[in-house]
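Only the coordinates and a few stated rules stand behind these numbers; no lab work does. Quick caveat, the model's predicted, so the values are computed rather than measured. All Cβ positions, even for glycine, are placed from backbone atoms using ideal geometry, and neighbour counts span all protein chains on display.
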Amino acid sequence: MSYVQGTIVQVWADLEDPDTGLAIDDADEVVLVVTPPAPLPAYIRQLSDAGVVHQEETPGRYMAEIDTTPAYGTWRYQFSTEAGGKRVVKRADLNVAKALVAAP
């Protein structure tokens with residue numbers, strides 16, 4: 001999916017226990033790592049600081065918002081948690097196009 005620079009994009013991951021296939025609804029922590037286009041540094045959001053939220057209506061779904069104002073290009077993000085002693089990771093990319101500006 002492609003977005004225009006300046007859009008606040010809601011991203012999510014459906015996290016499942018790798019052994020049982022059941023949704024992870026009781027994660028102690030979910031970490032979101034966001035890597036914007038270079039040269040901007042990566043940053044982290046977490047369930048524990050409300051940067052990531054659990055969407056209770058959809059089992060295993062965790063969500064966050066990414067503000068694409070700082071840059072256009074490919075943004076990468078990764079949700080991760082632990083389940084049954086194993087790391088569960090979901091990754092995806094966002095393509096952000098430069099906003100068009102009308103000439104005066």
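A simple rule links phi to the HN-Hα coupling: the Karplus curve 6.51 cos²θ - 1.76 cosθ + 1.60 with θ = phi - 60°, which for region 35-41 gives 10, x, x, 4, x, 5, x Hz, with x for Gly and Pro. Karplus-based coupling profile of region 70-75, in residue order and whole Hz: x, 6, 10, x, 8, 9, with θ = phi - 60° in 6.51 cos²θ - 1.76 cosθ + 1.60 and x standing for Gly or Pro. The separation of region 42-63 from region 24-40, counted between C-alpha centres, amounts to 9 Å.
With contacts defined as alpha carbon pairs under 8 Å and 6 or more residues apart, what's the relative contact order of region 2-74 in percent? Normalised by residue count, the contact order of region 2-74 is 44 percent. For region 60-99, trypsin sites (Lys or Arg not before Pro) meeting the loop criterion (DSSP other than H, G, I, E, B) and having at most 15 other Cβ atoms within 10 Å: Lys98.
Both radii are taken from the alpha-carbon atoms of region 24-104; with Rh as the Kirkwood radius, Rg/Rh is 1.08. Look at the dipole of the chain built from charges on Cβ: of Gly85, Ala99, Thr20, the Cα furthest out on the positive end belongs to Ala99.
Below 13 angstrom from the Cβ of Arg45, what's the summed charge of the other residues (Lys, Arg +1; Asp, Glu -1)? Once positives and negatives cancel, what remains is -4. Taken about its Cα centre, region 2-74 carries a charge dipole of about 560 debye when Lys and Arg each add +1 at the Cβ and Asp and Glu each add -1 at the Cβ. Loop-resident chymotrypsin sites (Phe, Trp or Tyr not before Pro) (DSSP state other than H, G, I, E or B) in region 51-104 with no more than 13 further Cβ atoms inside 10 Å of their Cβ are absent. Close amide H contacts of Glu16 (hydrogens built in the peptide plane, cut-off under 5 Å, sequence separation of 5 or more or a different chain): Ile24.
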